[in-house]
Amino acid sequence: MSERKFSKEVCAFLAVAMLMYAATTAHAAQQSGEEEQPALGRGFTAYTATDPDKWDPAQLQEQDAPVGVLTLENALTHALARSARLASFSWSTRAAEAHASQSGLLPNPEFGVEVEGFGGAGESREFETAEMTFAISQLVELGGKRGKRKKLASLEAELAARDYELHRLDLISEVTLAFGTVLAAQERVALAGEQQKLQETTLSMVSERVAAGKDVPADQTQAEIDLASVRIQSERAKRVLAAARQELVALWGGKTTSFDRVSDEGFTMLSPPSEEQVLEIVSASPDLTRGILDTERHRAAVSIEGRQRVPDLELSGGVRHAKETGDESFVAGLSFALPLFDRNQGALRASKCDLAGVQAEQLANEAEVRAAVLSATNSLSSAFLAVHELEETILPGAERTVDAVVQGYRTGKLSYLRVIQIQQTLYTARSEYVDAREEYYSARATLERLLGVGLESLVATEDRR
């Protein structure tokens, strides 16, 4: 082949390649770019994945464990920054975004070389009779498949971001519940200690009266039994507290409980919202909005499966060189599948069934979330009322009665049995107070998780306690 002829062949081949590349990149530029939907914030800095090449698991290891007095805000801040499970969801979000980016890319063109007319039995035995074809082929997707695929991938990325946010809300709820459990267990330990001191004082008082012959020895024996029972309750309360503390630190991957105690400093007990208030915003529940997005994702999947029935085109073009004659010529081709048997009908029907199933599940979720919100609101109202009544009426009255009964016993006007009864009443009231506060923590955390908003946004300032 002469240099001139070879140059013509190469130039023609390069011209075809450049034209196909220009068409490819121009189309890609038109279709590029989906805006990333940022995760919703809630006042705390949560772990957010960035560059996987710089990822180091040591980033989540507990290096600044909380010490001293732990507040709910401290616990939430630490857990959201250190939770390995939350980090896992964050990386899943980044992965979904990467898949969305990949879905918008055009198929790569293919380069091929074909040699024919050599190695035969006659004149074609030698390579001099061969014909060489240099070609580039490009798959052209028809029916808007690429756009539909990009939309589906974008919805999947947004769904991954919603899942991250849901888990963040779950973590906030779990930390609040665990914190409330530790606070209640801590108060029960203190209550058991107070009860033990009170029983020790009572035993000393009973012993003095028995020694003076004012009471029978059976009263002293009963007082000793009551003291032993209180000590058992105190030890049990300490073990429950230790377990609750460990469950709390586990939420941020901690192995030891380095803090001294928890405190509800900064935590305001707010009056519960009305049922009308919560029902007005229940439709914006994170779980329900996630379901709406999932429905859109399945609808996009139906659309893309429907477009799969349209066959794609494969275009090819290149240059053919006949070595024997030195002739060059252009070659072009077009091919597509004939949808005679497989028209993607099974996959399309399956995607429609999946969409129907998701829509039915969304209806069920709406009813369940509505019921759960009303239940949490009622529990919050009950706990708030109980705390108020115990603080304002029951506890002050029980404490005054204990003082009066003890004084009456000292003067011999009342029996030891009456002392036991009123002390048990006071202990029960204090226990109910701790239980009511724990129930308030639990109901509030549940309601905030379901609605996705803080209770402070639903109540007026004058309703805060």
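The values are calculated or read from the model by the stated rules, or taken from the named source; none is laboratory data. Please read all numbers here as calculations on a predicted model, not as lab measurements. Here the Cβ is made from the backbone with ideal geometry for all residues, glycine too, and neighbour counts use every protein chain on show. Keep in mind that these areas ignore ligands, DNA and RNA; they rest on the heavy atoms of the full protein, side chains included. Shrake-Rupley method; radii C 1.70, N 1.55, O 1.52, S 1.80 Å.
Just to verify a result, which residue in segment 166-186, among those that are charged (D, E, K, R) and open to solvent by 20 Å² or more (accessible area, probe 1.4 Å), is farthest from Arg297 (Cα to Cα)? So that I can check it myself, show each step before the final result.
Of the residues in segment 166-186, the ones charged (D, E, K, R) are 168, 170, 174.
Keeping just the survivors that are open to solvent by 20 Å² or more (accessible area, probe 1.4 Å) gives 170, 174.
Working: Asp170: 23, Glu174: 29 Å.
If we take residues in segment 166-186 being charged (D, E, K, R) and open to solvent by 20 Å² or more (accessible area, probe 1.4 Å), then Glu174 is farthest from Arg297 (Cα to Cα).
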Looking at segment 302-323, which of its residues are open to solvent by less than 30 Å² (accessible area, probe 1.4 Å), of a type in the set (A, V, I, L, M, F, W, C) and touching a strand residue (DSSP E or B) at 6+ places or on another chain (Cβ under 7 Å)? Val319, Ala322
Which residues, taken from segment 324-342, are open to solvent by less than 100 Å² (accessible area, probe 1.4 Å) and in contact with a helix residue (DSSP H, G or I) (Cβ under 7 Å, 6 or more places away or on another chain)? Gly326, Glu328
Of the residues that sit in segment 55-89 and are of a type in the set (D, E, K, R) and modelled with pLDDT under 85, which one is farthest from Arg261 (Cα to Cα)? Asp56
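Okay, residues lined up against (1) open to solvent by less than 50 Å² (accessible area, probe 1.4 Å); (2) closer than 30 Å to Glu200 by Cβ; (3) in contact with a strand residue (DSSP E or B) (Cβ under 9 Å, 6 or more places away or on another chain); (4) charged (D, E, K, R):
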| site | (1), (2), (3), (4) |
| --- | --- |
| Ala218 | no, yes, no, no |
| Glu224 | no, yes, no, yes |
| Ile232 | no, yes, no, no |
| Ala242 | no, yes, no, no |
| Trp252 | yes, no, no, no |
| Glu275 | no, no, no, yes |
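Taking segment 351-377 on its own, how many of its residues are touching a residue at least 40 places away in the same chain (Cβ under 8 Å) and either out of contact with any Lys or Arg (no Cβ under 7 Å at 6 or more places or on another chain) or acidic (Asp, Glu) (or both)? Quick ask: steps written out before the conclusion?
So the first thing to find is which residues in segment 351-377 are touching a residue at least 40 places away in the same chain (Cβ under 8 Å), and the list is 351-352, 354-355, 358-359, 361-362, 365-366, 369-370, 372-374, 376-377.
Checking which are either out of contact with any Lys or Arg (no Cβ under 7 Å at 6 or more places or on another chain) or acidic (Asp, Glu) (or both) leaves us with 351-352, 354, 358-359, 361-362, 365-366, 369-370, 372-374, 376-377.
Counting residues in segment 351-377 that are touching a residue at least 40 places away in the same chain (Cβ under 8 Å) and either out of contact with any Lys or Arg (no Cβ under 7 Å at 6 or more places or on another chain) or acidic (Asp, Glu) (or both) gives 16.
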Among the residues of segment 195-221, count how many are touching a residue at least 40 places away in the same chain (Cβ under 8 Å) and acidic (Asp, Glu). 2
Is there a residue being under 28 Å from Leu72 (Cα atoms), open to solvent by 20 Å² or more (accessible area, probe 1.4 Å) and in a helix (DSSP H, G or I) anywhere in segment 143-162? yes
Options Leu248, Leu279, Leu288: the member that is in a helix (DSSP H, G or I), within 30 Å of Ala383 (Cβ to Cβ), in contact (Cβ under 8 Å) with a residue 12 or more places away in the chain and open to solvent by 40 Å² or more (accessible area, probe 1.4 Å): Leu279
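Condition (residue is in a helix (DSSP H, G or I), within 25 Å of Leu447 (Cα to Cα) and not β-branched (Val, Ile, Thr)) applied to segment 303-320: is it met by at least one residue?
Scanning segment 303-320, I find no residue that is in a helix (DSSP H, G or I), within 25 Å of Leu447 (Cα to Cα) and not β-branched (Val, Ile, Thr), so the answer is no.
In the set Gln199, Gln195, which member is open to solvent by less than 40 Å² (accessible area, probe 1.4 Å), at pLDDT below 90 and in contact with an Asp or Glu (Cβ under 6 Å, 6 or more places away or on another chain)? Lay out the reasoning, then the answer.
Details: Gln195 fails: in contact with an Asp or Glu (Cβ under 6 Å, 6 or more places away or on another chain).
That would be Gln199, the only listed residue that is open to solvent by less than 40 Å² (accessible area, probe 1.4 Å), at pLDDT below 90 and in contact with an Asp or Glu (Cβ under 6 Å, 6 or more places away or on another chain).
Given the residues Val369, Val402, which is the only one that is surrounded by 13 or more Cβ atoms within 10 Å (Cβ to Cβ), of a type in the set (A, V, I, L, M), part of a helix (DSSP H, G or I) and modelled with pLDDT under 90?
On the way: Val369 fails: modelled with pLDDT under 90.
So the residue among Val369, Val402 that is surrounded by 13 or more Cβ atoms within 10 Å (Cβ to Cβ), of a type in the set (A, V, I, L, M), part of a helix (DSSP H, G or I) and modelled with pLDDT under 90 is Val402.
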Checking the structure you have, find out if any residue of segment 433-443 is open to solvent by less than 50 Å² (accessible area, probe 1.4 Å), of a type in the set (A, V, I, L, M), touching a strand residue (DSSP E or B) at 6+ places or on another chain (Cβ under 9 Å) and under 29 Å from Ile172 (Cβ atoms). no
Any residue in segment 406-414 that is farther than 16 Å from Thr268 by Cα, among the basic types (Lys, Arg), more than 30 Å from the chain's Cα centre (by Cα) and open to solvent by 70 Å² or more (accessible area, probe 1.4 Å)? yes
